[in-house]
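Take a look at the structure below.
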Amino acid sequence: MSEEITIDTQELGEKIVKVLKTIYDPEIPVDIYELGLIYDVFVNEDNDVKILMTLTSPNCPVAETLPVEVEEKVKSLDALKEVEVEITFDPPWTQELMSEEAKLELGML
């Protein structure tokens, strides 16, 4: 019986979050994770990843480039197979979605 080395999905999820925290909205000096732009990260047993995210507004100037940057940076993690980034505006992003850290950084607390 051979042993397979498996990275559990939670550990993989944490690695993905670390990558997401290196991506910044160019208009706001806070990473997209702390801004609350990442709604969900799904990792299945096959190490396929789906990231559900939003933008600060539908007219966001990085609407074309930010999802591509997210996909490319997350794909750089070795253990992953497929990476899909889906943009949603439901629910629309509001400042309430920002972490305490982000609000503090932006002087909102």
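The values are calculated or read from the model by the stated rules, or taken from the named source; none is laboratory data. Worth saying up front: this structure is predicted, and the values here are computed from it rather than measured. Neighbour counts are summed over all protein chains in view; Cβ atoms, including those assigned to glycine, are modelled from backbone coordinates with ideal geometry. To get the accessible areas, we keep the full protein, side chains included, count just its heavy atoms, and leave off ligands, DNA and RNA. Shrake-Rupley method; radii C 1.70, N 1.55, O 1.52, S 1.80 Å.
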In region 9-22, the residues that are part of a loop (DSSP other than H, G, I, E, B) and either at positive phi or surrounded by 13 or more Cβ atoms within 10 Å (Cβ to Cβ) (or both): 21
Failed item, numbered, when residue 50 is tested on (1) closer than 16 Å to residue 12 by Cβ; (2) touching a residue at least 40 places away in the same chain (Cβ under 8 Å); (3) open to solvent by 30 Å² or more (accessible area, probe 1.4 Å); (4) not in a loop (DSSP other than H, G, I, E, B): (2)
Region 84-109 residues that are within 30 Å of residue 47 (Cβ to Cβ) and touching a residue at least 24 places away in the same chain (Cβ under 8 Å), paired with ones that are surrounded by 10 or more Cβ atoms within 10 Å (Cβ to Cβ) and of a type in the set (Gly, Ala, Ser) (beta carbon under 8 Å, 6 or more apart): 87/63; 93/36; 93/57; 97/36; 98/36; 99/36; 102/36
Residue check for residue 96: charged (D, E, K, R) and open to solvent by less than 60 Å² (accessible area, probe 1.4 Å): no
Meets criteria (open to solvent by 20 Å² or more (accessible area, probe 1.4 Å), modelled with pLDDT under 95 and either closer than 24 Å to residue 106 by Cβ or of a type in the set (Gly, Ala, Ser) (or both)) for residue 56: yes
Filter result (open to solvent by less than 60 Å² (accessible area, probe 1.4 Å) and in contact with a helix residue (DSSP H, G or I) (Cβ under 6 Å, 6 or more places away or on another chain)) within region 59-76: 74
Of all residues in region 23-45 being closer than 19 Å to residue 86 by Cα, open to solvent by 30 Å² or more (accessible area, probe 1.4 Å) and in a loop (DSSP other than H, G, I, E, B), the one that is modelled with the lowest pLDDT: 44
